[in-house]
Amino acid sequence: MDNSKKEKIKSFFTGPVIVSAVVLLLIILASVFAGIIAKYDPNEVDISNILSGPTMQHFLGTDKAGRDIFSRILFGGRMTLLSALGVILISVIIGVPVGIFSGYYGGWTDKMLMRISDIILAFPSLLLAFVFVSAFGRGIINAVVALGIVYVPMLAKLTRSLVMVEKNKVYVEASKSIGYSDLNIMFKQILPNCVSTLLVQLTLDIGYAILDLASMSFLGLGVQPPTSDWGAMLDEGRIVITISPLASLAPGMMIILTVVALNIFGDGVRAYLDPQQRKLPSLKKFKKLVGEEM
Amino acid sequence: MKKYVVDKLAQYVIVLAIVSVIIFVMVRLNPTDPVSVIVGGKQTTAETVANIRAEFNLDKTYFEQYLIWIKGIFQGDFGTSFQYRQNVTSLIMKRLPVTVGLVLLSSVIALVLSVPLGIITALKQNTPLDTGLSVIQLILVACPPFLTSILMILLITIFTPGVSFTGSFTNFNEYMQRILYPSIALAFSMIALTSRVTKTSMIEQLNSNYTLVAKSKGLSMRQRVLNHCLKNSLIPVITIFGTQMGVLIVGTVLVENVFSLAGLGSILIDGVKSCDYPIVQGIVMLLVFVFITISMLLDMLYAVIDPRIRAKSGK
């Protein structure tokens, strides 16, 4: 028994998962300790030293305003990761309860909540975020809230399908016969059994949130200057792309690296939890299809 | 089948109506006074303000404004832009060729490349070729369209300096030249996803019982794949393509921004930034309309292809 558990844990640590976990850990540490690692203030303008290539002082060179790109990457990473977490947090706070109620009660509650989800899904996701921003103004907080709400239906549908499977199991019946309240059964009995699958999806969703937030910031609807995240840095750097490619390539590579690592890690956790799902495509867009089938 | 179509159409009309209300209300939640957007910071008398309010129907109730907007849409009139003082319909028509061209061309590129790619990776499972292509797919999925565009511009300027690929166009040749590179950039993120889905569903079909029967009857690999498996494995691909349409439509906004093309995206984002309601509500409504219509048509398309779907919801 003990041995088989060890085997199982061992099977989780495959090569790609270890590499992606290390990469993610490094990225998280770098943005947490950005203040200590960075040698320069990310917003410090130095007109006498613009667009320098990589030098000993400036590891990745400087951008069009003479700001140190490496320091900006560190602080931009902090901004990017925090906002992506914010998006996920908002979608969890709304989406998970909606999914639980919908799946547990079924009937009228379910129909209404799912109709609302369908309406939100009728918008291409970023387009709805644009409309939100035009209603409440530009800024990173509004972009985070907008994307958080845009992400709700996907998560709610996933939670709903999980709850619909769980609610017919014996332990739920037992809880009912002891006289537990519906709220207790939903959040204390059923939810813990869904958490692992939800966590996998959330890991992948953080990746999508990073991409979507980068798109918003790139268009100038997200983070506002002088603060910057990776998306905004890409936009700042693209004007000088031919003179100093690093100014936009560096944040671009960081986005790709982070999202790829998140995807591999999420897939690894999924494979560990459910080896049968190993071959399924893991993408959010495909979830919609799967969600309807369940 | 008839009931299925009627149900779908009813749903489609209801969703469109609700979406139009949401868009209308949302753009008006912004506290900025439309008159200040229209006059653009110039000094105005109370009389001009009143005139402007009357001209743009701002003196009417929101309910009346909504009716005017909807009535206008049916007559092909999206109202007048605050900033440009021009009819939104003519602004849209002028910019539509770029957006439509980008969406169509990138869909074609994506489909033409990703379906064969998916089939090849399904047939060569677990070979170095499959692994290599999977790694590329993984990176492409994580690569937002604006990043692909920036990389593309960098590559073009390095390898073929002097080629003009941005800015305005005067004839069809130039038009194709302008939209070719952005379309390739846009197609890349589609290719990753679609080829992955093609591969998964192709493998599923290859392992199915009917393929085994076909094999035991002595059909060659080529016949099995092309005559038997391909049609069945394309159903999930159509689905994913429908949902990806939304990503593609928004993608044009990002890509045309990088390539400085005059499409719908640039005036949409400009409108969002400067609270130009008529532009924002008009373009968003148009894009959502296109997106929902494509989804609905695809729904019907696979009801035609796959009788099981028809039967399930036809009762």
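Indicate the residues belonging to the range A:102-127 that lose 50 Å² or more of solvent-accessible heavy-atom surface (probe 1.4 Å) upon moving from the chain alone to the assembly of all protein chains, ignoring ligands and nucleic acids.
Buried on complex formation: A:I119, A:A122, A:F123, A:P124, A:L127.
Once the Cα atoms of helix A:15-32 and of chain A are each reduced to a long axis, what angle between those two axes, in degrees from 0 to 90 to the nearest 10, is obtained?
60
Which positions within the range B:196-245 get 10 Å² or more of their accessible surface covered by the other protein chains, compared to the chain by itself, with a 1.4 angstrom probe?
Correct list: B:R196, B:V197, B:T200, B:P236, B:T239, B:I240, B:T243, B:Q244.
Given a 1.4 angstrom probe, what's the average accessible area per residue across the range B:95-263, in square angstrom?
For the range B:95-263, the solvent-accessible area averages 44 Å² per residue.
Using a 1.4 Å probe on the protein heavy atoms, what percent of the accessible area of chain A belongs to carbon and sulfur? Please list the in-between numbers first.
Values: 9130 of 13530 Å².
With neighbouring chains kept in place, the figure for chain A is 67 percent.
Using Cα pairs closer than 8 Å and at least 6 residues apart in sequence, work out the relative contact order for chain B, in percent.
Contact order relative to length: 27 percent.
On the accessible surface of the range B:95-263, probed at 1.4 Å, how many percent belong to carbon and sulfur atoms?
68
Heavy atoms of the protein only, probe of 1.4 Å, neighbouring chains included. What is the accessible area of A:L162 in Å², nearest 10?
40
Percent relative contact order of the range B:9-121, based on C-alpha pairs within less than 8 angstrom and at least six residues apart?
17
Which order, highest average first, do B:186-198, B:234-246 follow once you tally other Cβ atoms within 10 Å for each residue and take the mean per peptide?
Top to bottom by mean Cβ count within 10 Å: B:186-198, B:234-246.
Go through the range B:120-132 residue by residue and turn each phi into a ³J(HN,Hα) via Karplus (6.51, -1.76, 1.60, θ = phi - 60°); whole Hz please, and just put x for glycine and proline.
Along the range B:120-132, the couplings run 4, 5, 5, 6, 9, 3, 6, 9, x, 4, 4, 4, x Hz.
Can you give me the Kirkwood hydrodynamic radius for the range B:217-315, using every pair of distinct Cα atoms, in Å to one decimal?
Numbers: mean 1/r = 0.0604 Å⁻¹.
Evaluated over the range B:217-315, this radius sits at 16.5 Å.
From zero outward in steps of 20 Å, how is the percent of C-alpha pairs of the protein assembly as shown spread across the bins?
Values per bin, smallest distances first: 17, 51, 28, 3, 0.
Can you work out the FRET efficiency for the pair B:S220 and B:T170, with r the C-beta to C-beta distance and R0 = 51 Å, to the nearest 0.05?
So the FRET efficiency works out to roughly 0.50.
Tell me the volume per residue, in Å³, of the convex hull enclosing the alpha carbons of the range B:166-289.
134
Going 7 Å from the Cα of B:V21 toward and past its Cβ, which residues in the range B:67-87 have a backbone nitrogen under 20 Å from where you end up?
Within reach of a label on B:V21, which here means backbone N under 20 Å from a point 7 Å along Cα→Cβ, the range B:67-87 contributes B:67-74.
Using packing as a proxy for protection, rank A:99-106, B:90-97 so that the peptide with the highest average count of other Cβ atoms within 10 Å comes first.
Working: A:99-106: 21.9, B:90-97: 15.8.
Final packing ranking: A:99-106, B:90-97.
For the range B:95-263, just list the percent of Cα-Cα distances falling in each 10 Å bin from zero outward, please.
Calculated over all Cα pairs of the range B:95-263, the distribution is 10, 33, 29, 18, 8, 2 percent.
Could you list which residues have their amide H under 5 Å from that of B:T80, counting only those 5 or more apart in sequence or on another chain, with H placed in the peptide plane?
Those lying under 5 Å, H to H, from B:T80 are B:V88.
From the helices alone, meaning DSSP H stretches of at least four residues, give me the mean residue ellipticity at 222 nm for chain A, per-run term -39500 (n - 2.57), in deg cm²/dmol to the nearest 500.
-24000 deg cm²/dmol
Pop a pseudo-label 7 angstrom from the Cα along the beta-carbon direction at both B:N227 and A:Q57 and give the gap in nm to one decimal.
Using points 7 Å along Cα→Cβ, the separation is 7.4 nm.
Any chance you could run the full-extension gain for B:T293 through B:I120? It's 0.36 nm times the residue separation minus the Cα-Cα distance, nm to one decimal. Don't skip to the answer; put the middle values down first.
Numbers: separation 173, 0.36 × 173 = 62.28 nm, distance 3.21 nm.
Stretched out fully, the B:T293 to B:I120 stretch lengthens by 59.1 nm.
Contour minus end-to-end for A:S181 and A:V240, with contour as 0.36 nm per residue of separation and end-to-end as the Cα-Cα distance?
15.0 nm
Which of B:I38, B:I139, B:I283 moves the most in a Gaussian network model of chain B with Cα springs under 10 Å?
Residue with maximal mean-square fluctuation among B:I38, B:I139, B:I283: B:I139.
Check each residue of the range B:246-267 and keep those whose accessible area, probe 1.4 Å, is at least 50 Å² smaller with all protein chains in place than in the chain alone; give them in order of residue number.
Residues passing the criterion (a loss of at least 50 Å², heavy atoms only) are B:V250, B:L254, B:N257.
May I ask which of A:K39/A:K64; B:K42/B:K94; A:K64/B:K273; B:K124/B:K199; B:K8/B:K71; B:K124/B:K215 have a Cα-Cα span longer than 20 Å here? Mind dumping the intermediate values first?
Working: A:K39/A:K64 18 Å; B:K42/B:K94 28 Å; A:K64/B:K273 24 Å; B:K124/B:K199 10 Å; B:K8/B:K71 24 Å; B:K124/B:K215 18 Å.
Too far apart for the 20 Å limit: B:K42/B:K94; A:K64/B:K273; B:K8/B:K71.
Across chain B, how large is the tail of the calculated P(r) beyond 23 Å, expressed as a percent of all Cα pairs? Present the calculation step by step, with values, prior to reporting the outcome.
On the way: 33022 of 49455 pairs.
For chain B, the fraction of Cα-Cα distances above 23 Å is 67 percent.
Looking only at other chains, what is the average number of their beta-carbon atoms within 10 angstrom of each beta-carbon in B:135-143?
5
Could you run the Debye sum over the Cα atoms of chain A, one equal point scatterer each and no solvent, and tell me log10 of I(q)/I(0) at q = 0.08, 0.12, 0.13 Å⁻¹, two decimals?
-0.43, -0.86, -0.96
Ballpark to the nearest 100 Å², how much total accessible area do A and B bury together, probe 1.4 Å?
Heavy-atom accessible area buried at this interface is about 4300 Å².
If you count only protein heavy atoms and use a 1.4 Å probe, how large is the accessible surface of B:M285, to the nearest 10 Å²?
Counting only protein heavy atoms, the figure is 20 Å².
Would you list B:M176, B:M300 from the most to the least accessible area, probe 1.4 Å? Write down the numbers at each step before the final one.
Details: B:M176 70, B:M300 35 Å².
Putting B:M176, B:M300 in descending order of accessible area: B:M176, B:M300.
Given a Förster radius of 25 Å and the C-beta distance between B:S36 and B:F63 as r, what FRET efficiency does 1/(1 + (r/R0)^6) yield to the nearest 0.05?
The value I calculate is 0.60.
Work out how much length B:L29 to B:Q11 would gain on full extension: take 0.36 nm times their residue separation and subtract the Cα-Cα distance, in nm to one decimal.
Values: separation 18, 0.36 × 18 = 6.48 nm, distance 2.72 nm.
Gain in length upon complete extension: 3.8 nm.
So how much accessible area does B:C229 have, in Å² to the nearest 10, using a 1.4 Å probe?
Per-residue accessible area (B:C229): approximately 0 Å².
The values are calculated or read from the model by the stated rules, or taken from the named source; none is laboratory data. Remember, predicted model here, so these are calculated numbers, not experimental data. Cβ: placed from backbone, ideal geometry, glycine included. Neighbour counts: every protein chain shown. Accessible surface areas use protein heavy atoms only, side chains included; no ligands, DNA or RNA. Shrake-Rupley method; radii C 1.70, N 1.55, O 1.52, S 1.80 Å.
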